[in-house]
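Derivation of every value follows stated rules applied to the coordinates shown; laboratory data play no part. Since the model is a prediction, treat every value here as computed from it, not as a measurement. Note that each Cβ is placed from the backbone with ideal geometry, even for glycine, and that neighbours are counted across all protein chains shown.
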Amino acid sequence: MASPSPEDAVRRYLQWLEDPSSILDEDAVAKAEAAVAAAPDPLARLHALADLEHARAADSEGVTEDFVAYAKDYAEAQSIPLAAFEAMGVPTEVLRQAGLLGGRGRRGGGRSGGGQRAPKVSIEELKAAARRLPKQFTLSDVAREAGGGSPQTVRKAIDEMIDAGQARSLGPKPDHHGRGRAPTLYELA
């Protein structure tokens, strides 16, 4: 999946705040509904119904991660003040994670010595952060432990660990109860 532009990431998050159903993938819902109708037996129907539930759940975590990754750069480029994001209803914690508030932001937060972007987190730093985590973790856990990193870079670091036999994907996190699709759970080898 291609990464969104900063404008698209901010727009999608603000749309989601106004209407959580706006980020549903209608094609995936229709496909899952068709699979339920075509299920040949009760077990197949059970799996098809589970897929339908996942399709109907909004991916709020992914939308929020994209906003956090791009909001600061977008706000700086467009001269959008913090108060405008607050007026749109963006929660304080999300603003802090995006680096729009003082304190702990994407990486370092606060002043960045005159640079426009927060320091990048290398793939090696992300791999080291993953190794410091408990045996099972999500991509968000890695980014938090490393103090930043775009979702795409975090995913690439973990994919490299999987290719090297240092980690493996366990599939959707089984104890996920929030809105949206369950994040993928990984395990250190």
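Taking the Cβ-Cβ separation of LEU24 and LEU188 as r and a Förster radius of 41 Å, what is the calculated FRET efficiency to the nearest 0.05? Step by step, r from the Cβ atoms, then E = 0.75. Excluding same-chain neighbours fewer than eight residues apart, the lysines reachable from LYS173 by a Cα-Cα span under 18 Å are LYS135. Relative to the current alpha-carbon distance between MET88 and LYS31, full extension at 0.36 nm per residue lengthens the span by 17.2 nm. Given axes a ≥ b ≥ c from the Cα gyration tensor, I'd like to know whether the chain is rounded (a/c under 1.5), prolate (a/b larger than b/c) or oblate. Since a/c reaches 1.5 but b/c is at least a/b, the shape of the chain is classed as oblate.
Candidate cross-link partners of LYS72 among the lysines, defined by an alpha-carbon separation under 23 Å and a same-chain spacing of 8 or more, comprise LYS120, LYS156. Using Cβ point charges alone (K and R +1, D and E -1), the dipole size of the chain about the Cα centre works out to roughly 820 debye. Between helix 42-56 and the chain there is an angle of about 20 degrees, using the helix long axis and the longest principal axis of the Cα atoms. Counting only Cβ charges, +1 for Lys and Arg and -1 for Asp and Glu, the dipole size of the range 1-46 around its Cα centre is about 140 debye. Each label point was placed 7 Å from the Cα along the Cα-to-Cβ direction; for GLN136 and ARG45 their separation is 3.1 nm.
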